[in-house]
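*Asks:* Please find one structure pasted underneath; my questions will follow.
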Amino acid sequence: SGDQEAKSEKKGNTIFIITPSHDNPFFKTEAVAADDEAKKMGYATTVLSHDDDANLQDQQFDTAIAAGALAIIVDNAGADATIGPVRRAKEAGIPSFLIDREINETGLAVSQIVSNNYQGAVIGAEKFVELMGEEGKFVELVGKESDTNAGIRSKGYHEILDQYPALEMVARQSANWSQTEAYEKMESILQANPDIKGVICGNDTMAMGAMAALKAAGMGDVIVVGFDGSNDVRDSILAGDIKATVLQTCAYNARLAVQQADKYIETGSTGAPEKQLTDCVLIDSSNAKKLDNFVLEQ
Amino acid sequence: MKNNKQNISIGMILMQARTFIALFILTVAFTLLLSNRGINFLSPINLLTVTKHVAITAILAIGMTFVIITGGIDLSVGSIVGLCGMIAGGLIHEGLNLPMFHMTIYYHVWVIIILTLILGTLIGLVNGLVITRFNVAPFIGTLGMMYIARGFANIRSGGATFPNLQGQARLGNTGFPFLGAGKIIGIPVSIWILIIVLAIGIYVAKKTPLGRHIYAIGGNARAARLSGVKVKRITTIVYAFSGFCSAIVGLIIASQLVAAHPATGETYEMSAIAAAVLGGTSLSGGIGTIGGTIIGAFVMGVLGDGLVMMGVSEFWQNVIKGVVIVAAVIFDQMQQQMKARSSVSLTGGETKKGEEAEIA
Amino acid sequence: MKNNKQNISIGMILMQARTFIALFILTVAFTLLLSNRGINFLSPINLLTVTKHVAITAILAIGMTFVIITGGIDLSVGSIVGLCGMIAGGLIHEGLNLPMFHMTIYYHVWVIIILTLILGTLIGLVNGLVITRFNVAPFIGTLGMMYIARGFANIRSGGATFPNLQGQARLGNTGFPFLGAGKIIGIPVSIWILIIVLAIGIYVAKKTPLGRHIYAIGGNARAARLSGVKVKRITTIVYAFSGFCSAIVGLIIASQLVAAHPATGETYEMSAIAAAVLGGTSLSGGIGTIGGTIIGAFVMGVLGDGLVMMGVSEFWQNVIKGVVIVAAVIFDQMQQQMKARSSVSLTGGETKKGEEAEIA
Amino acid sequence: MAKQERDEIILQAKGIYKKYPGTIALSNVDFNVYRGKVNVLVGENGAGKSTLMKILAGVEQPSSGEIFLKSEQCRFFSPNDAADRGISIIYQEMNLFPNLNVSDNIFIAREKIKKGGRVDYDSQEEFTASLMKKLKQDIGPRVLVSSLRIGQQQIVEIAKALAQNAEILIMDEPTSALSTSEVDILFEMIDELKAHGVTIVYISHRLEELLQIGDYITVLRDGRLVTETTMASIDLQWIVKQMVGGEADEIFTGEAHALGDTILECKHIYLPREGEGYSVRDVSFELHAGEILGIYGLVGAGRSELLETLIGEHPEAAGEVYLKGEKIVSSTITGRIRDGFALIPEDRQREGLVPTMSVADNMTLASLFRLAIRGIHLRKRDEQEEVDHLIHEMSLKTAGSAVLVSSLSGGNQQKVVIGKSLLTQPQILLMDEPTRGIDVAAKGEVFSIMNRLAKQGLGIIFVTSEIRELRAISDRILVMSKGAVTGVFPREEASEEALVEASAVGHITTAVREGRN
Ligand SMILES: Nc1ncnc2c1ncn2[C@@H]1O[C@H](COP(=O)(O)OP(=O)(O)OP(=O)(O)O)[C@@H](O)[C@H]1O
Ligand SMILES: Nc1ncnc2c1ncn2[C@@H]1O[C@H](COP(=O)(O)OP(=O)(O)OP(=O)(O)O)[C@@H](O)[C@H]1O
Ligand SMILES: [Mg+2]
Ligand SMILES: [Mg+2]
């Protein structure tokens, strides 16, 4: 019963949930899911966004420590830049649970529940190759090149694509995850390469932008593949525009992280290994209907 | 007088030549470099595409030029672009929800466009009032608005995107994509819009008392007041116009993407200011021309598109962009000096009707 | 003359008071609001944390204040922060690679720090030279540098991050994290650095010919020149100092994160400028105090941290931030006016360009 | 003017009281403006003349007091109000738009409009051209104001006011930047205006001008009305007496100085002008220690350029300068100041003062390295001593050395500029129109300072457009025209006629001197 009291007294204290900007539905879903799960368990929550600014995230960790948080759930702003803060939190006795993106250091965070971007990119690329019929000119739109995942996904794509000599990449541009930038750059690329057959994108917003540009240019039939599994792209797939995307089960990961946090707070251990990779799922016309808010109902 | 007029036209050309020259060099360079790769940079469609991209910056830059000429600056344009896009997007996508009446109103696209333009103008008006009535430094006043507008753009949808803005026939709100994708006599609507805004801008700057007064305010605000120029009112109008231009751009972008994203327009203010300054607008006010600004916008646009078509990496694009911007202006300075030496009539500061000096 | 001395000192205090008041109100507000949630905003540790965060903006803002007082602006600080971080990070992580000699040199951390500071200063120097020798508008010159420096920051590592900057004993390059994480008498090193930069800044501004010349240049460059002020040289020095401050910040951040990320410092220039202007620095030059700037920086810092601790959503944070910035300045204006009625010493202290003569 | 008493009062100020933070500019001042007459207002610097005018023109609001226009009480809340009631003003400090051309400046806020709300530039420029013709100036309507010299700018100011064809025209020191020939032209204009029944209010520190054109004179001292009378009944001595309050000793006391040996020698100085031609052409002269060398010339003669060249502002200039026999090598202004040159520039607003700085900081600006300990550390006390001493010596009217310089009256601002150059402890003083806009008393002080410095062995070069002063104070007078020296006169040979003649060499002779005394 004393344990019970300890628990109830602990509950009501705050869990910090730190993610990139909510103006990307992916991170919003993540944050909302974690927040919802934590509230269900009776924790107070503070939801923050570091907007991919490692220094801001660093400061938010400071704040969490100063505020004596129970735990920190974080989708971090840099695999290396986040090591410092997580260590500081650990030293202050505050456990960190990483979601979506890992850090290049083990033994600091309690859990690193990461969707396997590389695997995701690979299945995305395989689908792309299939749609392309293993041949033809294509364009790659990369995310913000200073972001870890932009690199990993691009690597994963090329792991597959480079195996097909008949597939020719005629342009590779960064559109910094941005829909508008993807739109304009796509238009320019089309000027240089009017005869492309496919566009493979580092995330869904860029895919949406590219698709808009292609349709405006009357090339709606060009194969576009995204990454994330947002509702917008789902609808586009159902409408027959974008052909496929890769779902990261971010909502699931977020809830899982909170559950493990709770367990850790109660028992001092999660009973799970630190690194937990969750596989991504390919979304195409076949299963798009079942997708909602990054959750694919089985 | 005749004699004068001649000097002048020469002066005119020389005056904007520097930006022209930068533009010219860039265009030639890209044309050659790309032709090797069998791409015709000067093909009509490509020029149209470039112009379409330029339109975004240019429309903002025209409003910005007037603001800068009064000696101010408007950092909020980017956010207003974002917010207006979201408002329009929201109205098309969700309509106007009136819970108390358990009803949702879907407006015709034209109504929505007009509402959005009004909104943008009002935000600009607020900027102007804050700056003139409470005499807050324009930089800080519009910086505040930049945060506020961006905040609301996100709050409107909780950060989400409003997709599928093509509207639905049964709701009678179709036709929005026309702004971004439509063409009139083979020329994209957004370019027509640019042409209209440009025409208005030049007319106001050169032909109307309003224009004179805007230049006067930037030249010597105190003297303007003592001479009976309605400094506060006119300054306010100028910011309102800048807001109006931002709303236009917000609509165009949302229409092009057939979706409205709250982060749209981030850092656009910088491109707009850069375009204006490249075009010879002086940030200390009183000096600048709409014509120059347009050329400035084209310099930025051609550079951006050209580098993308060349397949230059994002990082090097940054470096080159920076170098070109500075080089263009240095170039300009040298010409100013040569000009100064070469012809008296220009050093004497002869100006064309309603034409402003390059150097204060 | 006693009287005037009083007037002045009273004036000074009043002049900063407005920002003080804004700061005071904010602090009180957060203290109350947070105490409900059982958080003590005024706890020493929290105050230290806030100050540590403020230091970043404040150090940049001090360099920026001098730049703005000369009538210029420096948009490149954010990028210089990023680039310097990357250079330092690279030297620690990879050392200096000399392929032709098949060798790699690892420097001692102090050497690296000094090299980085020199680099930052040099970049600032380039800004200054471009602006003074080719008389490019500061806005455009530093905007170019902003793109260029950011580009190279990314190019240095191809966009990747330099991790594990704690260095390795066998390479003799350990100790870097001390800057960011170390403490002296319980106070974080970065705060000590701020204190030093602040002291230098205030001394230069108030007690040296250099400082007086800087104000003179901003107030009336021509008069300054005819009084024997070396306008170009001093302007250049000022930009170099701003670059130096940026380098310091770049080092601190890299050291705090024990990693160097090429995107570090984006949009920091805005916070720095905002802090300066909030502190009463006039963007038309000639007016401003380092003390005011620090308070401005604290307003921004307290606001940021407070809202985060309150767990306000990022979107509302934007809105509130915007409102507070503008409100603080409006507040200020009202006080300026009250002051104008009450004391001579500051009449015209905050006039807009071209209105200095208001009271002549 | 026999029946002046019966002249109708068109504008009347009663019991005007104006308080500024720190100063009472006007207390209980009555001022009568007579219809169709030239109403002269005189007073020392800081007496409150401009303030009173600003009140009449609606720029400032009186703290108390009443204004009657055509014996009907009214208040002017803005310059527009006053303008609508037919009152226009030429401000003491320039109020032009450097970025706009002359015609735009003249028509700002009252543009001629064509249909479609377009500005009618053609007729505006025609009008401007004709106006400039009247003023006998060849300034094109499209010339940028920023490219005009201060003298020409003042002409534009006048034109701007004339263009409003007001009923009452206030002129606050309209001639401060003009030389005799332009002044004559202005006076012709004034006569013409009077003929058309326009009322003029005229402020100037050039007292002889007042005698020439004034009908009524009102004297202010320290913000109080001293007296008002008709010009016919008084003379220059009387004015000085009323202004200064108490017996005024003859101010233009020129005393011959004991000349030392040559301190400055200039050989064949050329200054190429932008475009083609020279602003200064083959100028050679010597200056002796303890000598005051006056330079006379019309606006545009190149006097300013000559001084600017000596202070090192024009590195592109050719020619040799010897200081005490040694060739000067330093080409920077800083260097020349260190060598012992000091310039009092022509245009205090644009070249002399830093408006954002206090009186003290402006005064010490050029001498900071001397004042600072090891050229680094400034001690307030050291500065304060020198500043206070100077303020006292120049009897500067200010609420204190910490006041913003921009809040001083025109004349006091000029004193600050002079003070600044004195603080550099110069050997050679280059004074470009140093007495511009300062009152008789101040002038007297300036001259005595000049004399004292001369006695101390300084060489002084003194540019002015006021012949009387020039002849009074100078040991030698050098006349320039179109950039070249057209005559050198020892003080005793320097008759007014001779000077004017020499200054007109190469000009279409404008001077219509018969009109004068
Ligand atoms: N805006 C102001 N703030 C404070 N004091 C002022 C202001 N304007 C004028 N004064 C003071 O009022 C007094 C009268 O100034 P004013 O300019 O009217 O004198 P003036 O007769 O025009 O002198 P001058 O002949 O030099 O032009 C001076 O003491 C001046 O310092
Ligand atoms: N902006 C200009 N462009 C070309 N020539 C100029 C300009 N300003 C002045 N000048 C010429 O330079 C020479 C010197 O002019 P300046 O006005 O300095 O002579 P000044 O004797 O000093 O006249 P002031 O009595 O106004 O001092 C004149 O020939 C004038 O025409
Ligand atoms: Mg006056
Ligand atoms: Mg002169």
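*Asks:* Rank the residues A:THR63, A:THR148 as a footprinting-exposure proxy: fewest other Cβ atoms within 10 Å of their Cβ go first. Don't jump to the answer; show the numbers that get you there.
*Replies:* On the way: A:THR63 25, A:THR148 21.
Placing the least packed residue first, the sequence is A:THR148, A:THR63.
*Asks:* Copy-to-copy spacing for C:LEU33, label 7 Å out on the Cα-to-C-beta vector, in nm, shortest first?
*Replies:* Listed shortest first, these distances are 5.0 nm.
*Asks:* So for each of A:111-119, D:328-336 I average, over its residues, the number of other beta carbons within 10 Å; can you give me the resulting order with the highest mean first? Kindly include the intermediate steps, with their values, before the conclusion.
*Replies:* Details: A:111-119: 21.0, D:328-336: 16.4.
Most protected by this proxy first, the peptides run A:111-119, D:328-336.
*Asks:* Taking the Cβ of B:MET64 as the centre, find all other residues whose Cβ is under 10 Å away and add up their charges (Lys, Arg: +1; Asp, Glu: -1). Walk me through the intermediate numbers first.
*Replies:* Working: positive: none; negative: B:ASP74, B:GLU269.
Summing Lys and Arg as +1 and Asp and Glu as -1 gives -2.
*Asks:* Arrange the peptides B:196-204, C:119-127, C:145-153 so that the one whose residues have, on average, the most other Cβ atoms within 10 Å appears first.
*Replies:* On the way: B:196-204: 17.1, C:119-127: 23.7, C:145-153: 25.8.
Top of the packing list down: C:145-153, C:119-127, B:196-204.
*Asks:* Here's another thing I want to ask about it. How tilted is helix B:290-310 with respect to the longest principal axis of chain B? Cα atoms for both, answer in degrees (0 to 90, nearest 10).
*Replies:* 70
*Asks:* Neighbouring Cβ atoms within 10 Å as the yardstick, rank C:TYR215, D:TYR202 fewest first. It would help to have the intermediate numbers written out before the result.
*Replies:* On the way: C:TYR215 22, D:TYR202 26.
With the sparsest Cβ surroundings first, the list reads C:TYR215, D:TYR202.
*Asks:* Right, here's the next one. Taking R0 as 45 Å, what FRET efficiency do you get between A:ASP279 and C:ILE25 from their Cβ-Cβ distance, rounded to the nearest 0.05? Mind dumping the intermediate values first?
*Replies:* Numbers: r = 52 Å, r/R0 = 1.15.
Efficiency for this residue pair is about 0.30.
*Asks:* How well do other chains shield peptide C:206-213, expressed as the mean number of their Cβ atoms within 10 Å of each residue Cβ?
*Replies:* Mean shielding count: 6.
*Asks:* Between B:TRP192 and A:GLN298, how high is the FRET efficiency from 1/(1 + (r/R0)^6) when r is the Cβ-Cβ distance and R₀ = 45 Å? Nearest 0.05. Please report the intermediate quantities before stating the final value.
*Replies:* Values: r = 52 Å, r/R0 = 1.15.
Efficiency, rounded to the nearest 0.05: 0.30.
*Asks:* I've got another one for you. Using the alpha-carbon atoms, what tilt in degrees (0 to 90, nearest 10) does helix D:410-423 show relative to the longest principal axis of chain D?
*Replies:* 10
*Asks:* Net charge around C:ALA88, counting only other residues with Cβ within less than 12 Å of its Cβ (Lys, Arg = +1; Asp, Glu = -1)? Display every interim value, and only then the final one.
*Replies:* Values: positive: C:ARG156; negative: C:GLU94.
That sum, taken over residues with Cβ under 12 Å, equals 0.
*Asks:* Tabulate in residue order the Karplus-calculated ³J(HN,Hα) for the range D:213-223, using 6.51 cos²θ - 1.76 cosθ + 1.60 with θ = phi - 60°, rounded to whole Hz; enter x for Gly and Pro.
*Replies:* Coupling constants for the range D:213-223: 10, x, 10, 10, 10, 10, 10, 10, 9, 6, x Hz.
*Asks:* Using a label point 7 angstrom from Cα along Cα-to-C-beta, what distances in nm, from shortest up, separate B:LEU171 from the other copies?
*Replies:* 5.8
*Asks:* Would you work out if chain C is rounded, prolate or oblate? Take a ≥ b ≥ c from the square roots of the eigenvalues of the alpha-carbon gyration tensor; rounded if a/c is under 1.5, else prolate when a/b is larger than b/c, oblate otherwise.
*Replies:* Working: a/c = 2.08, a/b = 1.30, b/c = 1.60.
Note, shape of chain C comes out oblate.
*Asks:* Here is a follow-up. With the crude spin-label approximation of a point 7 Å out along Cα→Cβ, what separation in nm comes out for C:TYR203 versus D:ASP120?
*Replies:* Reported label-point gap for C:TYR203 and D:ASP120 is 6.8 nm.
*Asks:* If I stretch the segment between A:ASP36 and A:ASN104 completely, what's the gain in nm (0.36 nm per residue apart, minus their alpha carbon distance), one decimal? If you can, show how the numbers build up before the last one.
*Replies:* Values: separation 68, 0.36 × 68 = 24.48 nm, distance 2.86 nm.
Taking A:ASP36 through A:ASN104 to full extension adds about 21.6 nm, to one decimal.
*Asks:* A further question on this structure: Please say if the range C:86-203 is rounded, prolate or oblate, where rounded means a/c under 1.5 for a ≥ b ≥ c the square roots of the C-alpha gyration tensor eigenvalues, and otherwise the choice is prolate for a/b larger than b/c and oblate otherwise? Don't jump to the answer; show the numbers that get you there.
*Replies:* Values: a/c = 2.25, a/b = 1.19, b/c = 1.89.
The shape class here is oblate.
*Asks:* With a/c under 1.5 counting as rounded, go ahead and sort the range D:9-250 into rounded, prolate or oblate using the C-alpha gyration tensor (a ≥ b ≥ c being the square roots of the eigenvalues; past the cut-off, prolate if a/b is larger than b/c, else oblate).
*Replies:* On the way: a/c = 1.89, a/b = 1.46, b/c = 1.30.
Note, shape of the range D:9-250 comes out prolate.
*Asks:* Where does the charge balance sit around D:LYS70 when Lys and Arg score +1, Asp and Glu -1, over other residues with C-beta under 10 Å from its C-beta? Present the calculation step by step, with values, prior to reporting the outcome.
*Replies:* Numbers: positive: D:ARG35, D:ARG85; negative: D:GLU8, D:GLU72, D:GLU167.
Taking every other residue near D:LYS70 into account, the sum is -1.
*Asks:* Based on other C-beta atoms within 10 Å, arrange D:ARG436, D:ARG75, D:ARG149, D:ARG381 from fewest to most. Please report the intermediate quantities before stating the final value.
*Replies:* Working: D:ARG436 24, D:ARG75 12, D:ARG149 15, D:ARG381 7.
By the 10 Å Cβ count, ascending, the order reads D:ARG381, D:ARG75, D:ARG149, D:ARG436.
*Asks:* Related question: I'd like the mean, over residues of D:84-97, of how many other protein chain beta carbons sit within 10 Å of each residue's own Cβ.
*Replies:* Details: counts 1, 0, 0, 0, 0, 1, 0, 5, 1, 4, 3, 8, 5, 13.
Mean number of neighbouring Cβ atoms from other chains: 3.
*Asks:* If packing is taken as the average count of other Cβ atoms within 10 Å, what order do C:218-225, A:218-225 fall into, highest mean first?
*Replies:* Working: C:218-225: 23.5, A:218-225: 18.5.
Per-residue mean Cβ counts within 10 Å order the peptides as C:218-225, A:218-225.
*Asks:* Report, in listed order, any pair from B:LYS230/D:LYS160; C:LYS52/C:LYS321; D:LYS70/D:LYS194; C:LYS207/D:LYS443; A:LYS90/A:LYS144 with a Cα-Cα distance greater than 27 Å. Could you put the intermediate results ahead of the total?
*Replies:* Working: B:LYS230/D:LYS160 18 Å; C:LYS52/C:LYS321 19 Å; D:LYS70/D:LYS194 18 Å; C:LYS207/D:LYS443 35 Å; A:LYS90/A:LYS144 30 Å.
Where the Cα-Cα span goes over 27 Å, the pairs concerned are C:LYS207/D:LYS443; A:LYS90/A:LYS144.
*Asks:* C:TRP192 label points, 7 Å along Cα→Cβ, one per copy: pairwise distances from this copy to the rest in nm, shortest first?
*Replies:* Ordered by increasing distance: 6.8 nm.
*Asks:* How large are Rg and Dmax for the protein assembly as shown when only the alpha carbon atoms are used, in Å?
*Replies:* 35.8, 118
*Asks:* Other chains near D:111-119: what is the mean number of their Cβ atoms within 10 Å of each residue's Cβ? Walk me through the numbers before you get to the answer.
*Replies:* Details: counts 6, 1, 2, 1, 0, 3, 6, 6, 9.
Per residue, the number of nearby Cβ atoms from other chains is 4 on average.
*Asks:* Apply the Karplus parameterisation 6.51 cos²θ - 1.76 cosθ + 1.60, with θ equal to phi minus 60°, to every residue of the range A:178-195 and state each ³J(HN,Hα) to the nearest whole Hz, in sequence, with x for glycine and proline.
*Replies:* For the range A:178-195, the Karplus-derived couplings read 9, 5, 4, 4, 4, 4, 5, 5, 4, 4, 5, 4, 4, 4, 6, 9, x, 9 Hz, x marking Gly and Pro.
*Asks:* Going by amide H atoms built from the backbone, whose H comes under 5 Å of the H on D:TYR34, apart from near neighbours?
*Replies:* HN-HN under 5 Å from D:TYR34: D:ILE10.
*Asks:* Specify the angular offset, from 0 to 90 degrees and rounded to the nearest 10, of the alpha carbon long axis of helix C:189-207 from the longest principal axis of the alpha carbons in chain C.
*Replies:* Tilt of helix C:189-207: around 40 degrees.
*Asks:* Can you list residues whose amide H is under 5 Å from A:THR19's amide H, if they're 5+ apart or on another chain and H is modeled 1.01 Å from N?
*Replies:* A:LEU48, A:SER49, A:HIS50, A:ASP75
No value in this document is a laboratory result; all are computed from the given coordinates. Computed from a prediction, not measured in an experiment: that's the story for all the values here. With ideal geometry, Cβ positions are generated from the backbone for all residues, glycine too; neighbour counts draw on all protein chains shown.
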